[in-house]
Amino acid sequence: MAEAKKLFIKTYGCQMNVYDSERMAEALGASGYVTTTSADDADMILLNTCHIREKAAEKVYSELGRFKALKAANPDLKIGVAGCVAQAEGEEIMRRQPLVDLVVGPQTYHRLPAMEKAVRAGARAVDTEFPEEDKFEHLPRGPRAGRGPTAFLTVQEGCDKFCAFCVVPYTRGAEVSRPVARILGEARDLVARGVREITLLGQNVNAYHGAGENGDWGLARLIRDLAKIEGLERIRFTTSHPNDMEDDLIAAHGDEPKLMPYLHLPVQSGSDRILKAMNRKHTAESYVRLIERLRAARPDLLLSGDFIVGFPGETDQDFEDTLALVRKVGYGQAYSFKYSARPGTPAAERAGVPDEVASERLQRLQALLTEQQYAAQDAMIGREVLVLFEKPGRETGQMVGKSEYLHAVHVTDPTVQIGQIARVRVTGRTSNSLAAELV
Ligand code: SAH
Ligand code: SF4
Ligand code: F3S
């Protein structure tokens, strides 16, 4: 048998890219590749890219430049660009960076083995189509060795919302939901391979409406069916849009014990004027009411969110409204970004806020969010939580895992095993994680 070729994948961006990278590794596994953790000895390097903010694409180009020496040392080395930059830039990547052999968009990963063959034969290959077929159905499933007890599972892809700042509807295409049976099958398969927690992924995951028994199923129904799988202990989902948070999904947070009490629900801004300009189609008030309903169903729900500051036209008052919303809601954790104009999106045509102003606002918002994050973590001290242990920690004898609330928790206890769910008492906070001891 020929010696296995080595594949190095570097993943940028969202969890969906993490999931896709695993699928690509499996697909190329069938072509004789094994993954390696270093670019230096690779026969194929794949960058799975993100296009969400400007710096993301620039990072990819500077990374590609660094492979020049590697390619000079190994003429058989093939370099590919996948993901959302690949989709957005297509052929342009080839022109700008002659080192690149292969460009593959997020909807054509199942064609990667054929593209690899062409590239090995000396061609340069580009595929950024949006084909009809479900790419995941055409990807072989390889072993999942050493991947731990948690997994992502894509159930929905693409977005029809067209927020004025966002490239996702262009890079990932229209909203598509995978059929229920395939998701259940994939979930059972993951559980059989040791997975105890599944995070359902979608750019707009709560808009899920996949073909099931007797018609389309929503996300809540899918979650309730997944919850019946024996051995699957925890279910999460991300990312959601406030307008798709339907009644049965809110209810599931209260009555489905396997659904974890953590929700990532981006609001972007607390100003109705800006929300309108963003084409978000909800208001600050409707968002707050939604949070109240969720908390009525699950009082200890830990909330996460996304914020953009410095969106074109954002005034001091608009920004104050965002701070006010954050104070009203109280986040356990959140992501915040300075607005970045994306070519081709409606907002890119509008005059931006001066960079110093945006930076100053971002700093103030992040200070508030960090304060809330620490407060939420500190509120856990003395409490008992259930932790699913995932891997050894930084210090000897340490194990780390996640609580129900997605807090990173570490214990030092020789009896703790990876994959175990154990009850622990939180004893303190060390910057971003919680220290605990077994109960
Ligand atoms: N589908 C999800 C997340 C999309 S991208 C949702 O609708 O919430 C993740 C986050 O990146 C967004 O929530 C937004 O906060 C941020 N983002 C997207 N486009 C951006 C841009 N042009 N500039 C700055 N931040 C952006
Ligand atoms: Fe982008 Fe808006 Fe769609 Fe989220 S809902 S992916 S922010 S367009
Ligand atoms: Fe980035 Fe594409 Fe995900 S732009 S955030 S990798 S959907």
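Values in this text are rule-based calculations from the coordinates and carry no lab data. This is a predicted model, so every value here is computed, not measured. No Cβ is skipped: glycine too gets one built from the backbone with ideal geometry, and neighbour counts run over all protein chains shown.
Out of the trypsin sites (Lys or Arg not before Pro) in segment 207-247, which ones are loop residues according to DSSP with at most 11 other C-beta atoms within 10 Å? Present the calculation step by step, with values, prior to reporting the outcome.
Details: sites: 221, 224, 228, 234, 236; in loops: 228.
Here the trypsin sites (Lys or Arg not before Pro) that fit, given the DSSP loop and packing criteria, are 228.
Grab the DSSP H runs of the chain that are 4 residues or longer, score each as -39,500 (n - 2.57), total them, divide by all residues and round the 222 nm result to the nearest 500 deg cm²/dmol.
Working: 14 runs with 147 residues, N = 439.
For the chain, the value works out to -10000 deg cm²/dmol.
Please compute the length gained on full extension between residue 15 and residue 276, using 0.36 nm multiplied by the number of residues separating them and subtracting their Cα-Cα distance. Walk me through the numbers on the way to the answer.
Numbers: separation 261, 0.36 × 261 = 93.96 nm, distance 2.77 nm.
In short, 91.2 nm is gained.
Which Cys residues of the chain have no other Cys beta carbon under 4.7 Å away?
14, 50, 84, 159
Can you tell me which of 26, 91, 133 moves the most in a GNM of the chain? Springs connect C-alpha atoms under 10 Å apart.
Of 26, 91, 133, the most mobile in the Gaussian network model is 133.
Please report, largest first and rounded to whole Å, the three semi-axes of the ellipsoid equivalent to segment 5-127, where each semi-axis is the square root of five times an eigenvalue of the C-alpha gyration tensor.
Details: eigenvalues 69, 55, 40 Å².
Semi-axes from the Cα gyration tensor: 19, 17, 14 Å.
For a quick check: with amide H placed at 1.01 Å from N, whose amide H comes under 5 Å from residue 390's, ignoring anything fewer than 5 positions away on the same chain?
Sorted by chain and number, the residues that satisfy this are 400, 401, 402, 419.
Mind ranking 177-187, 349-359 by how tightly packed they are, going by the mean number of other C-beta atoms within 10 angstrom, highest first?
177-187, 349-359
Along the Cα→Cβ direction, 7 angstrom out, place labels at residue 55 and residue 430. What is the inter-label distance in nm?
2.7 nm
Sum up the charges of everything whose Cβ sits under 11 Å from the Cβ of residue 36, counting Lys and Arg as +1 and Asp and Glu as -1, but leave residue 36 out. Walk me through the intermediate numbers first.
On the way: positive: 5, 6; negative: 40, 41, 43.
Taking every other residue near residue 36 into account, the sum is -1.
Per q in 0.16, 0.19, 0.24 1/Å, what log10 I(q)/I(0) does a Debye calculation on the alpha-carbon atoms of segment 384-438 return?
Per q value, in the given order, log10 I(q)/I(0) is -0.35, -0.50, -0.83.
Below 8 Å, C-alpha to C-alpha, sequence gap of six or more: please give me the relative contact order for the chain in percent. Walk me through the numbers on the way to the answer.
Details: 871 pairs, mean separation 43.4, N = 439.
Reported relative contact order: 10 percent.
Could you compute the net charge surrounding residue 118? Neighbours are other residues with a C-beta less than 14 Å from the C-beta of residue 118; K and R count +1, D and E count -1. Can you show the working numbers first?
Details: positive: 78, 111, 117, 120, 124; negative: 101, 116, 127.
Charge balance near residue 118 sits at +2.
Label-point separation (nm) for residue 417 and residue 174, each offset 7 Å from Cα along Cα-to-Cβ?
The answer from the label model is 4.9 nm.
Given an 8 Å cut-off on Cα distances and at least 6 residues of separation, report the relative contact order of segment 287-355 as a percent.
Values: 60 pairs, mean separation 30.2, N = 69.
Relative contact order comes out at 44 percent.
Work out the FRET efficiency for residue 69 and residue 37 from their Cβ-Cβ distance, taking R0 = 25 Å, and round it to the nearest 0.05.
Values: r = 19 Å, r/R0 = 0.75.
For R0 = 25 Å, the calculated efficiency reads 0.85.
Which whole-number percent gives the relative contact order of segment 5-127, counting Cα pairs below 8 Å spaced six or more residues apart? Walk me through the numbers on the way to the answer.
Details: 209 pairs, mean separation 29.4, N = 123.
This gives 24 percent for segment 5-127.
To the nearest whole percent, what portion of all C-alpha pairs in the chain is separated by more than 29 angstrom? If you can, show how the numbers build up before the last one.
Values: 49572 of 96141 pairs.
So the portion of pairs separated by more than 29 Å is 52 percent.
For segment 258-292, which trypsin sites (Lys or Arg not before Pro) are both in a DSSP coil and crowded by at most 14 other Cβ atoms within 10 Å? Show your work: numbers first, answer last.
Numbers: sites: 258, 273, 276, 280, 281, 289; in loops: 258, 280, 281.
Counting only loop positions with at most 14 other Cβ atoms within 10 Å, the trypsin sites (Lys or Arg not before Pro) in segment 258-292 are 281.
Run the simple label-point estimate for residue 91 and residue 355 please: 7 Å along Cα→C-beta, distance reported in nm.
Computed distance between label sites residue 91 and residue 355 equals 3.3 nm.
Need one number: % antiparallel among DSSP beta bridges in the chain, to the nearest 5. Intermediate values should be presented prior to the final figure.
Numbers: 26 of 69 bridges.
If I count the DSSP bridges inside the chain, around 40 percent turn out antiparallel.
Net charge around residue 401, counting only other residues with Cβ within less than 13 Å of its Cβ (Lys, Arg = +1; Asp, Glu = -1)?
Working: positive: 196, 234, 391, 402, 423; negative: 197, 233, 390, 404, 413.
Value of the local net charge: 0.
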